[in-house]
Amino acid sequence: MSNNVKSDLLLECRGIDKNYNGPQVLSKVDFSLRRGEIHALVGENGAGKSTLIKIVTGITNRNAGTIVFDGHDVPVEHNKNASEKLGIAVIYQELSLIHGMTVAQNIFLTKEPLLPGLPFIDIKKMNAMAQEMIEKYGFDLKATDIIDKLPIAQRQTVEILKALSNKASLMIMDEPTSSLTAKESERLFKIIRMLKAEGITVVYISHRMEEVYDLSDRVTVLRDGKLVSVLEGEEITPAEIIRLMIGRELTEDESHHKMVDKRDREVVLEVKNLSAEGKLNDVSFKLHKGEVLGFGGLVGSGRTELMRAIYGIDAFDAGEIMYLGKTYSPTVEKSIASGFGFVPEERRLQGIMGGISITGNIGIANLDSISSPAGFVSRDKELERTQTAISTLNIKPANPDHLVGNLSGGNQQKVVVGKWLIRDLKLLIVDEPTVGVDIGAKEEMYQTIDRLSREGVAVMVVSSDLPELTRLSDRIIVLRKGRIIKEFTEGVVTEEEVLRAASGIVEGGAK
Amino acid sequence: MNTKSALFKEHMVELRLFGVLLGLMVVLSLISDRFLTVDNLTNVLWSVCLIGIMTTGAIYAPITGGIDLSVASMAALAGILANVFMNTLGMNWIVAILITLVIGAGIGWLNGVVTTKFLVPAFIVTMAAKTYLFGVAMLVSNGDQITIMEPAPFLQIGIGKLLGIPIPIYIMFTLVILSHILLKKTVFGRRTIAVGANEVAAKLTGVNPDRTRIIVYTISSVTATIAGIVMASLTQQAYAMNATGYELDVITAIVVGGTSLMGGSGSVVGALIGAVMVGFINNGLNLLDMPSAFHPIATGIVILVALIMNQGVSVPAVLKKWFARPGAAEAAK
């Protein structure tokens, strides 16, 4: 295998196994890339795409399997520097660029051309070299532009230039269009085709089926950590990819996938023609008492933005929100006082206060009910509330003084939910409720949401986990590019249908 | 049993500090027979008072993840202003103190507003305040050491005694108790801790971080003003250089007392013990007739050691890793 004749495969992974001390994330995955192809890697959330990429780029190490890159065996103790040296580059959205520096400075960081015989950077030469590259590819950039002043799409092209200057032969792009406009995406596709023409292999990870369909020479589909299929040429159709990704037919006993029409109940929240520049476009819907309304859509489709606008975190430009029959202009404080609860998308960054106790985390959302008018907190009331939250949600360990940062992901999430449950809750917003949560805690979370809905709480659930979305929702609204593109109100909805709507294939295909 | 151990755990930091303090006292009493005398101990407590008073308010900024470097300049200016109001403008001493407190609160409020609304880091804002407040103090006092001879009741604040104990010590303990209650028992205290622990999470849970921070810097300036008034009365002097460098002692006391500069936790009682320790260290150096140049050296070392301890890293482990590195690299080859 490791002879010196160059095969037409740039990368060949065989039998890759990976477990993070427990659940098997990848098992016996084969993944190969030809030279100069555009190869899409697709799968549902949790299918193992990111882990596979992390193994190839050396961010994490595999447990078993072999990797051959460009004729070289890649050892198990692979790391990021080694993968860069081999010519593997990951195009991040903007993370790896240094703000405040110019395009040229970023491209040539740590490999700046020096003045002959001197330890000083030859700025003129560096700018000229960068400009030459920019012109070669016809990018809309100047070598002396400061990164901060560039829109996301152009920062991406700087990333690509940086990879090119590193002589990368493999570029990995993870959801590169999630924050681009249609026009910017088109331009990116042109660049990707140009890279292909240069003989560079591009791995393209996307949930957007039409992009995958347009661009890819081959498609690798992963599901539950296993290789499902590799499609080529004519075999690549959006409907087929979605079928392979979901991979199972609906069975009779999955009755909880059935929508429940609760639209005859009292309206709790009504959103009318809500718009926010670049995020939301004319969104209208009603939410009823005891209803669980699911929001499907791809990353960047505006679901989180919609929730944030309703809760009062971000402002909106046009439209109206009605709460319990009255016009409502939200602020976070008002929302909490009016019976809202909000479980944000990123638990560590937005949900928990890791350095303080369970009591502290739960108390802070309930200061109004545990303190006297003079502003003194009743330690007894606070502890009592915390105990209630701990026992209703089965938080472990059941010790109110335990630091939340030391809890498992599932228990941290229970704390974030728990602080709202002990209030007079009318409307709960949960954004990605079970990311990084173990299976047991996941099921408990679902039961909690079911119970709240029975108690009459209106719930809005945002989830990219399709089985979760169909499992929980009485009704599903699918957003795409800030608009409501589809609403599922009755009967049985399949994950496939939701994904097709989210991908923009609204009515097409057989089924 | 459970509540008892929880209580013990909650005050672990304070207890450990108290242990260190006792150890320090034992060492100092062995080194110098002048240490364990009533005179000397009163002396230490007295000098600790000013730092102690300042820490009771200054501690809130670190708890939110910020810092207040302007407290010493604020204190010096407060003494000078109070003297101007009483002895130049002839105001009643109580009125003079109240006006000075309002000015102090206004300056703290301004620090808070610039930090939160104009997004300038607290470090820079309060360093600028330290500089311009010192300038104003020099300007108002002409740079002179002004001796304060009257009014007599004002001077009693610093030099008076009640039941044989100096009044500043009462002031300090009152403020420590108030500050402890404010931090541990009130809504404001909870919000302050939440802002320092995770500002975004706090905001999504209904806390207004800007409002909280503005109050924090206002409190910090008010206690600095109180310390300045006590200092002017105690030293019978209004002088712009009177508190020079005190902000470092205040931060040392807070850090030694177990408050993390990263925010999210803090102990007023710990900071008081920290202030006493700083006082003892300086006192010890005096008793040993060490040149005054050793004071800042000792303070600097104490800050570093306290910070390293608060980071919770194991020093032996770090050293082991450090020294093992070249060997390990060779072995890998």
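The values are calculated or read from the model by the stated rules, or taken from the named source; none is laboratory data. Please read all numbers here as calculations on a predicted model, not as lab measurements. No Cβ is skipped: glycine too gets one built from the backbone with ideal geometry, and neighbour counts run over all protein chains shown. These area figures cover heavy atoms from the full protein model, side chains too; ligands, DNA and RNA do not enter into them. Shrake-Rupley method; radii C 1.70, N 1.55, O 1.52, S 1.80 Å.
Annotations for the structure displayed:
- Using a probe of 1.4 angstrom and keeping all protein chains present, the accessible surface of the stretch A:356-423 works out to 38 square angstrom per residue.
- Counting only DSSP beta bridges whose two residues both lie in the stretch A:9-246, roughly 60 percent are antiparallel.
- Between the helical axis of B:209-235 and the longest alpha-carbon principal axis of chain B there is an angle of about 60 degrees.
- Heavy atoms of the protein chains alone define the surface here; on that basis the stretch A:78-133 has 59 Å² accessible area per residue at 1.4 Å probe size.
- Accessible-area ranking of B:W93, A:W420, B:W109, largest first, probe 1.4 Å: B:W109, B:W93, A:W420
- To the nearest 10, the accessible area of A:S329 is 70 Å² with a 1.4 Å probe.
- Threshold 40 Å², the stretch A:335-372 residues less accessible with all protein chains present than alone (1.4 Å probe): A:Q350, A:M353, A:I356, A:I364, A:L367
- Sum of -39500 (n - 2.57) over DSSP H runs of 4+, divided by residues of the protein assembly as shown (222 nm, nearest 500): -15500 deg cm²/dmol
- For A:L118, the solvent-accessible surface with a 1.4 Å probe is about 80 Å², rounded to the nearest 10.
- Seen from A:I439, the other residues with C-beta closer than 14 Å to its C-beta sum to a net charge of -4, counting Lys and Arg as +1 and Asp and Glu as -1.
- Once all protein chains are placed together, A:C13 keeps about 0 Å² accessible to a 1.4 angstrom probe.
- The charge dipole of the stretch B:38-244, taken about the Cα centre with unit charges on the Cβ atoms of Lys, Arg (+1) and Asp, Glu (-1), comes to about 720 debye, rounded to the nearest 20.
- Legend: residue pairs A:K262/A:K419; A:K262/A:K414; A:K18/A:K419; A:K85/A:K196; A:K289/A:K442, Cα-Cα distance threshold 29 Å; pairs beyond threshold, A:K18/A:K419.
- Per-residue mean of C-beta atoms belonging to partner chains within 10 Å, peptide A:106-118: 0
- Restraint check, A:K279/A:K334; A:K190/A:K481; A:K334/B:K203; A:K49/A:K486; A:K167/A:K190; A:K49/A:K226, Cα-Cα greater than 18 Å: A:K279/A:K334; A:K190/A:K481; A:K49/A:K486; A:K167/A:K190
- Accessible area, probe 1.4 Å, largest first, for residues A:H99, A:H39, B:H11: A:H99, B:H11, A:H39
- Surface composition of the stretch A:292-405: carbon and sulfur atoms hold 53% of the protein heavy-atom accessible area at a 1.4 Å probe.
- For the stretch B:14-54 versus the stretch B:117-177, the gap between their alpha-carbon centres in whole angstrom: 23 Å
- Cβ-defined net charge surrounding B:A202, 10 Å radius [Lys, Arg +1; Asp, Glu -1]: +2
- When the accessible areas of B alone and A alone are added and the area of the pair subtracted, with a 1.4 Å probe, the result is around 1800 Å², both sides summed.
- Cα gyration tensor shape of the protein assembly as shown, rounded if a/c is under 1.5, else prolate or oblate by comparing a/b with b/c: prolate
- Ordered by 1.4 Å accessible area with all protein chains kept, A:E333, A:E291 run largest first as A:E333, A:E291.
- Cα gyration tensor, the stretch B:206-266 - rounded (a/c under 1.5), prolate or oblate: oblate
- Chain A - share of DSSP beta bridges that are antiparallel (%, nearest 5): 55 percent
- Heavy-atom accessible area per residue - the stretch B:68-120, 1.4 Å, Å²: 40 Å²
- Solvent-accessible surface, computed for protein heavy atoms with a probe of 1.4 Å, shrinks by 50 Å² or more for the following residues of the stretch B:192-213 when the other protein chains are added to the isolated chain: B:N198, B:L204, B:T205.
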